Amino acid sequence: GVLLQAEGLHKVYGTTVALDGADFRINAGEVVAVMGPSGSGKSTLLHCLAGIVPPDSGTVTYRDQQVSSMSDAQRSALRRGDFGFVFQFGQLVPELTCLENAALPMRLAGAGRKDAEAGAKKWLERLEVDDVRHHRPGQVSGGQGQRVAIARALAGNPRVVFADEPTGALDSLNGERVMELLTQAARETQAAVVLVTHESRVAAYSDREVVVRDGKARDMTMLAGAV
Ligand code: ADP
Ligand code: ADP
């Protein structure tokens, strides 16, 4: 069934209409690519869905909860508990090791250090970056850092992973491997993935594509595995 749904989202920044009646829905375990030209509203849609930015009007519903009418504290608790995030750059804390970074969401959600690090280590192994767990982010490659970021997003067992251009800083080989690992992990854990990308090569890993243009989202339903 539908896990996360947005209806009629509007968001204006000054005189810029970022979202102009965008609709969106994603089922549990589904990987949806959000595509579209630069400035079309993709990131704003992701931020509204994830409860980071409140829309001016329209609704976001997660399970039976109305995200768009929650308080800041409620949205922040929802993000910590049920959502995971992967961004393009600058997401790892430079002072912490890769293991500590990956364990951070679980620590913030209240887990003890041992439990959080055991859970994080499992995901670092899964993403083939266990060998750099005691390194700091500045000492690892871009591809390794992005795998650590994905391990961190998945370690808290999120129901929805929000990924904004997760391969944008990687070369194509590393990008494809990261997408394989991210989508496999999502299928195994039945997490939904909202994947913002402007690359069709990356969107090819999704089950379904949604195109955002001028602040409106259109479903371009495609069959997974048809390629
Ligand atoms: P995309 O992710 O597709 O590139 P965005 O959602 O980032 O698009 O932006 C949509 C439009 O809203 C753009 O014109 C952008 O400049 C504008 N915008 C986005 N965020 C802000 C903001 N915080 N303040 C002002 N304008 C913004
Ligand atoms: P993207 O590549 O996802 O569109 P941008 O580089 O456009 O990202 O934006 C990076 C950040 O700056 C986002 O958080 C976005 O909300 C914000 N932003 C985008 N456009 C503007 C703008 N015109 N004024 C202020 N902030 C903006």
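The values are calculated or read from the model by the stated rules, or taken from the named source; none is laboratory data. Keep in mind that this is a model prediction, so the values were computed, not measured. With ideal geometry, Cβ positions are generated from the backbone for all residues, glycine too; neighbour counts draw on all protein chains shown. With ligands, DNA and RNA removed, areas are computed over all heavy atoms of the protein, side chains included. Shrake-Rupley method; radii C 1.70, N 1.55, O 1.52, S 1.80 Å.
Computed quantities for the displayed model
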{"read-out": "Single match in Ala163, Ala185 (criterion: of a type in the set (Gly, Ala, Ser) and away from ligand 1 (no atom under 16 Å from the Cβ))", "value": "Ala185"}
{"read-out": "In region 86-108, the residues that are open to solvent by less than 50 Å² (accessible area, probe 1.4 Å), assigned to a helix (DSSP H, G or I), modelled with pLDDT under 95 and not aliphatic (A, V, I, L, M)", "value": "Pro105"}
{"read-out": "Some residue of region 124-131 being over 20 Å from Arg107 (Cβ atoms) and either of a type in the set (S, T, N, Q) or part of a strand (DSSP E or B) (or both)", "value": "no"}
{"read-out": "Residue that is within 16 Å of Ala191 (Cβ to Cβ), open to solvent by 50 Å² or more (accessible area, probe 1.4 Å) and small (Gly, Ala, Ser), where the choices are Gly1, Gly29", "value": "Gly1"}
{"read-out": "Residue check for Leu195: under 17 Å from Glu128 (Cα atoms) and within 16 Å of ligand 2 (Cβ to nearest atom)", "value": "no"}
{"read-out": "Any hit, region 42-51, residues being within 16 Å of ligand 1 (Cβ to nearest atom) and of a type in the set (Ser, Thr, Tyr)", "value": "yes"}
{"read-out": "Scope region 30-41; condition touching a residue at least 24 places away in the same chain (Cβ under 8 Å), outside any strand (DSSP E or B) and near ligand 1 (Cβ under 9 Å from one of its atoms); matching residues", "value": "Gly36, Pro37, Ser38, Ser40, Gly41"}
{"read-out": "Ala204 vs. criteria over 13 Å from the mean Cα position of the chain (by Cα), within 16 Å of ligand 1 (Cβ to nearest atom), small (Gly, Ala, Ser) and open to solvent by 10 Å² or more (accessible area, probe 1.4 Å)", "value": "no"}
{"read-out": "Arg159 vs. criteria of a type in the set (Lys, Arg) and in contact (Cβ under 8 Å) with a residue 40 or more places away in the chain", "value": "yes"}
{"read-out": "Positions within region 42-71 being away from ligand 2 (no atom under 14 Å from the Cβ), open to solvent by 10 Å² or more (accessible area, probe 1.4 Å) and touching a residue at least 60 places away in the same chain (Cβ under 8 Å), in sequence order", "value": "Arg63"}
